[in-house]
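The values are calculated or read from the model by the stated rules, or taken from the named source; none is laboratory data. Quick caveat, the model's predicted, so the values are computed rather than measured. When we count neighbours, we look across all protein chains shown, and the Cβ atoms used for this are built from the backbone with ideal geometry, even at glycine. Quick note on the areas: whole protein, heavy atoms, side chains included, nothing else; ligands and nucleic acids left out. Shrake-Rupley method; radii C 1.70, N 1.55, O 1.52, S 1.80 Å.
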Amino acid sequence: MIEHEALVEAARQARENAHAPYSNFRVGAALRATSGRIFGGSNVENATYGLTVCAERVAIFKAMSEGERGFDAIAVVTDTDALTPPCGACRQLIWEFCGDVPVILANLKGKTEMLQMRELFPKPFDSRNL
Ligand code: THU
């Protein structure tokens, strides 16, 4: 867990930039690339609601668009007692781009939990199904 502290801290910082005026549910994510670089992301909402992008996907798209391929771990931070796991859409993309990585969930009180993607997404549709 110790090596994941920097990742949780990056997710905490990313959460500061959450744009969540509709839900007031502020989320931060951070993704560590195999290069060692860490990419933060926050949720970004908009008036249509449906075009909202989750923090996890913002982090993934930032990293991919910077040329990163291959990731070690992702962290998700919210200010809730019950930790927040990635939504279904994010699980699909975390699986595709990161594979069976550890997913570190944390809140602002220091509660953490680590899950593997294969637990969160046990029977995936992916390129092997095409
Ligand atoms: N949200 C995330 O950013 N990540 C999650 O893992 C769960 C949900 C966002 C989407 C929306 O802006 C708000 O949280 C409420 O669903």
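Quick one: would you say Leu51 is within 14 Å of the ligand (Cβ to nearest atom) and free of Cβ contacts under 8 Å to residues at least 24 places away in the same chain?
Yes.
Of all the residues that make up region 97-126, how many are in a helix (DSSP H, G or I), more than 19 Å from Glu68 (Cα to Cα) and open to solvent by 60 Å² or more (accessible area, probe 1.4 Å)?
2
Considering only region 45-58, state which residues are among the small types (Gly, Ala, Ser) and either modelled with pLDDT under 95 or surrounded by 12 or more Cβ atoms within 10 Å (Cβ to Cβ) (or both).
Ala55
Count, please, the residues in region 76-109 that happen to be small (Gly, Ala, Ser) and in contact with a Ser or Thr (Cβ under 9 Å, 6 or more places away or on another chain).
Result for region 76-109: 1.
Can you tell me which residue is farthest from Leu31 (Cα to Cα) among those in region 70-97 that are of a type in the set (Gly, Ala, Ser) and either within 13 Å of the ligand (Cβ to nearest atom) or in contact with a His (Cβ under 7 Å, 6 or more places away or on another chain) (or both)?
For region 70-97, the residue satisfying everything is Ala82.
Filter region 1-44 for residues that are farther than 22 Å from Phe97 by Cα and open to solvent by less than 20 Å² (accessible area, probe 1.4 Å) and give the result.
Correct list: Ala18, Ala20.
So Phe61 fits all but one of (1) open to solvent by less than 30 Å² (accessible area, probe 1.4 Å); (2) part of a helix (DSSP H, G or I); what number is the exception?
Every condition holds for Phe61 apart from (1).
Could you list, in sequence order, all residues of region 73-96 that are touching a residue at least 12 places away in the same chain (Cβ under 8 Å), open to solvent by 20 Å² or more (accessible area, probe 1.4 Å) and either part of a helix (DSSP H, G or I) or closer than 23 Å to Phe125 by Cβ (or both)?
Across region 73-96, the qualifying residues are Pro85, Cys87, Ala89, Arg91, Gln92, Leu93, Trp95, Glu96.
Only one residue in Phe25, Phe39 is near the ligand (Cβ under 8 Å from one of its atoms) and either in a loop (DSSP other than H, G, I, E, B) or among the hydrophobic types (A, V, I, L, M, F, W, C) (or both). Which one?
Phe25
So Val44 ticks every box in (1) more than 11 Å from the chain's Cα centre (by Cα); (2) within 26 Å of Lys123 (Cβ to Cβ) but one. Which box is left unticked?
Every listed condition holds for Val44 apart from (2).
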